[in-house]
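Report on the following structure.
The values are calculated or read from the model by the stated rules, or taken from the named source; none is laboratory data. Keep in mind the model is a prediction, meaning the values are calculated, not measured. A quick note on method: Cβ atoms are made from the backbone with ideal geometry, for glycine too, and the neighbour counts reach across all protein chains shown. With ligands, DNA and RNA removed, areas are computed over all heavy atoms of the protein, side chains included. Shrake-Rupley method; radii C 1.70, N 1.55, O 1.52, S 1.80 Å.
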Amino acid sequence: DEFSDAHNLAINEESGYAYAVGGESCNGGLHMVNIQHVNEPQNAGCYREDGYIHDTQCVIYRGPDATYQGRELCFNSSVSHFTIVDVTDKTKPTRLAAIAVDGNTYIHQGWLTPDQRYFLLDDEMDEWFGPHNTRTYIFDVSEIDAPRFVNAYTAAIPAVDHNLYITGTYAYEANYTSGLRILDLKNIEQG
């Protein structure tokens, strides 16, 4: 009764929670559902502060910031900002950080590196409105409550980046009109 639709669904298999985003519930934000008992999903809470969230990645944090280790954090692409929200207590989710950089138009999707030190972000419309080729934004999230933009990778072609996922030292990025791009992350901080 509390849920009707969503743009996307992220599942943290480790915690047993699903996060529906971009729907009519929770002001378009995180609609949290306990799916630990698959046949009996339970509404667990809402995070509304960001408004519409287009995509999210929720993890049990094991990155370099000792303050938040062991907490469940969601890394949100919230259209106008990249936000980090602590959802450990589903009844009291708390925004820890929000950041955007000049040129961001529609923060669409992003993914953490395996060590949870960096977050790579795709802005779906910056190439349409900015004078640059495909751009992937790189954020250092080693201090969760103070993420910082460190660099951007700009491709040799003018295409719109859409979604990216990271495995090992590679990011696999889907682009409008130019297909799959595989980015080597060995020198991530240099872009």
Residue list for the stretch 126-136, filter: open to solvent by less than 50 Å² (accessible area, probe 1.4 Å) and modelled with pLDDT under 75: Asp126, Glu127, Gly130, His132
Test result for Asp122, open to solvent by less than 30 Å² (accessible area, probe 1.4 Å), under 25 Å from Tyr17 (Cα atoms) and free of Cβ contacts under 8 Å to residues at least 24 places away in the same chain: no
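Would you say Cys26 is on the phi > 0 side of the Ramachandran plot and within 19 Å of the chain's Cα centre (by Cα)?
On the way: on the phi > 0 side of the Ramachandran plot: yes; within 19 Å of the chain's Cα centre (by Cα): yes.
It is true that Cys26 is on the phi > 0 side of the Ramachandran plot and within 19 Å of the chain's Cα centre (by Cα).
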Top-ranked residue of the stretch 140-153 - restricted to ones that are at pLDDT below 95 and not aliphatic (A, V, I, L, M), ranked as farthest from Tyr68 (Cα to Cα): Tyr153
Residues (surrounded by 14 or more Cβ atoms within 10 Å (Cβ to Cβ) and assigned to a strand (DSSP E or B)) located in the stretch 137-153: Tyr137, Ile138, Phe139, Asp140, Phe149, Val150, Asn151, Ala152, Tyr153
Tabulated pairs, the stretch 95-118, first among the β-branched types (Val, Ile, Thr), second part of a loop (DSSP other than H, G, I, E, B) and modelled with pLDDT under 85, C-beta under 6 angstrom, 6+ apart or interchain: Thr105/Met125
Elements of type strands (runs of 3 or more DSSP E) contained in the stretch 1-119, each with 1 or more residues being of a type in the set (S, T, N, Q) and surrounded by fewer than 17 Cβ atoms within 10 Å (Cβ to Cβ): 8-12, 30-34, 42-47, 94-99
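Looking only at residues in the stretch 175-191 that are part of a strand (DSSP E or B) and in contact with a Phe, Trp or Tyr (Cβ under 9 Å, 6 or more places away or on another chain), which one is surrounded by the most Cβ atoms within 10 Å (Cβ to Cβ)? Can you show your working first?
Step one: list which residues in the stretch 175-191 are part of a strand (DSSP E or B), which gives 175, 179-184.
So of that shortlist, the ones also in contact with a Phe, Trp or Tyr (Cβ under 9 Å, 6 or more places away or on another chain) come out as 180-184.
On the way: Leu180: 8, Arg181: 18, Ile182: 8, Leu183: 16, Asp184: 10.
It comes out as Arg181.
Taking only the stretch 82-106 into account, find how many residues are among the acidic types (Asp, Glu) and over 19 Å from Thr67 (Cα atoms). If you could, list the steps in order and put the result at the bottom.
Step one: list which residues in the stretch 82-106 are among the acidic types (Asp, Glu), which gives 86, 89, 102.
Next, from what is left, pick out any that are over 19 Å from Thr67 (Cα atoms): 102.
Total satisfying the criteria: 1.
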Single residue of the stretch 9-49 satisfying the filter (under 21 Å from Leu96 (Cβ atoms) and of a type in the set (S, T, N, Q)) that is modelled with the lowest pLDDT: Asn27
